[in-house]
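The structure under discussion appears below in the form of structure tokens.
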Amino acid sequence: MKLELFKTLWGHTGNLQSAIREALYAGFQGLEGAAPADPHELAYWKDLLPASGLAYIAEITTAGGYVPSPHATLEEHLQSLEQQLERSLVLQPRFVTCLGGRDAWPESQSVEFFGRAMELAAQAGVVISFETHRSRSTFNPWTTRRLVEQLPELKLTCDYSHWCVVCERLLDGEEDTLAVLARHAHHIHARVGYDQGPQVPHPGAPEYADALDAHQRWWEGIWRSQRERGYPVTTMTPEFGPDGYLHLLPFTGAPVADLWELNQWMATEERRHFRLFAQGDDRVA
């Protein structure tokens, strides 16, 4: 099994061409982000992406942005998914990461949503992987475990940094649940969270060593499961981002770190980490 790294377009302030340049320079194998809604921009992406040699993971958020509309119905979430799938497929994505459903739904409603969403993806001929994310149906580990137990084919894009905030701890005592969820893990968003936030100021800072160590333990569990399931490639997107995630100094609003530098640091660290893991040195963080 080999590791492929994807550059997130979340927080990237330049155009697609500059994102491609940065990804290639930093040794990434692809890009992850939402397909543009504008038809002319979508056509531009369709020409530029294949020429770059980079792979593409499409991102879809149903019924709104990262936080869904509180009034959107299940049918509206599915319609939103179907519309975004249609334009994402123009770009021939490796697969789709979807932030779907809503945390306030009854679990039966989430089960129906994910079941029908997987049917839409199958009809479209694309793999869909649902992100573990606050405000969504997968907002905590226990609900997510119950969902995968009812939907054995459900695939997960694992961003456990969200659950650190929800649980207000580094998921201590949840090893059994994480082991179950690892068997559904398809993709990893490599951001390091901590007990009071979804993003540490810098993953290399010694004061957050415990948080980095915990996430790397969880990622190793995913890698072991994927290796057992015969994955030839494991994909990972370093996903430090803006929008209240990046720590800012009071009054000036100056960021405490450079966003692209954070994601490059994470990529370099995970190349090192995965190389040692692949050699059989578990718990190498």
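Points to keep in mind about this one:
- Any hit, the range 230-242, residues being over 16 Å from the mean Cα position of the chain (by Cα) and either part of a helix (DSSP H, G or I) or without any contact (Cβ under 8 Å) to a residue 24 or more places away in the chain (or both): yes
- One residue stands out in the range 198-207 among those that are without any contact (Cβ under 8 Å) to a residue 40 or more places away in the chain and open to solvent by less than 50 Å² (accessible area, probe 1.4 Å): the one that is farthest from D159 (Cα to Cα), namely A205.
- For the range 16-42, the set of residues classified as free of Cβ contacts under 8 Å to residues at least 60 places away in the same chain, of a type in the set (G, A, S), open to solvent by less than 60 Å² (accessible area, probe 1.4 Å) and closer than 21 Å to T97 by Cα consists of A19, A23, G33, A34, A35, listed by residue number.
- Selection within the range 185-210 - under 18 Å from the mean Cα position of the chain (by Cα) and within 15 Å of D172 (Cα to Cα): G193, Y194
- Residues in the range 147-204 that are in contact with a strand residue (DSSP E or B) (Cβ under 9 Å, 6 or more places away or on another chain) and charged (D, E, K, R): K155, D159, R191.
- For the range 210-233, the set of residues classified as in contact with a Phe, Trp or Tyr (Cβ under 8 Å, 6 or more places away or on another chain), crowded, with 22+ Cβ neighbours inside 10 Å and not aromatic (F, W, Y) consists of H215 only.
- Scope the range 65-88; condition open to solvent by less than 60 Å² (accessible area, probe 1.4 Å), under 19 Å from T8 (Cα atoms) and touching a residue at least 12 places away in the same chain (Cβ under 8 Å); matching residues: Q84, L85, S88
- Filtered by the rule that a residue be in a strand (DSSP E or B) and surrounded by 13 or more Cβ atoms within 10 Å (Cβ to Cβ), the range 1-15 gives L3, E4, L5, F6, K7, T8.
- Of all residues making up the range 58-110, the number that are touching a strand residue (DSSP E or B) at 6+ places or on another chain (Cβ under 6 Å) and more than 17 Å from L120 (Cα to Cα): 2
- Enumeration of residues in the range 167-187 that are at pLDDT 95 or above and either of a type outside the set (A, V, I, L, M) or open to solvent by 60 Å² or more (accessible area, probe 1.4 Å) (or both): C167, E168, R169, E174, E175, D176, T177, R183, H184, H186, H187
- Some residue of the range 261-277 being among the hydrophobic types (A, V, I, L, M, F, W, C) and closer than 20 Å to Y66 by Cβ: yes
- Residue within the range 63-71 that is closer than 25 Å to P198 by Cα, modelled with pLDDT of 95 or more and touching a helix residue (DSSP H, G or I) at 6+ places or on another chain (Cβ under 6 Å) present: yes
- Conditions (1) open to solvent by less than 10 Å² (accessible area, probe 1.4 Å); (2) farther than 20 Å from A63 by Cα; (3) touching a Gly at 6+ places or on another chain (Cβ under 7 Å): number failed by R136: (2)
- Whichever residue in the range 90-112 is part of a helix (DSSP H, G or I) and in contact with a Ser or Thr (Cβ under 7 Å, 6 or more places away or on another chain) and, among such residues, is most open to solvent (accessible area, probe 1.4 Å): E107
- Test: residue in the range 244-261 that is modelled with pLDDT of 95 or more and buried (at least 21 other Cβ atoms within 10 Å of the Cβ): no
The values are calculated or read from the model by the stated rules, or taken from the named source; none is laboratory data. As the structure is a computational prediction, the values presented were derived from the model and not from experiment. Heads up, the Cβs are rebuilt from the backbone with ideal geometry, glycines too, and the neighbour counts pull from every protein chain shown. Remember, those area values only see protein heavy atoms, side chains included, never the ligands or the DNA or RNA. Shrake-Rupley method; radii C 1.70, N 1.55, O 1.52, S 1.80 Å.
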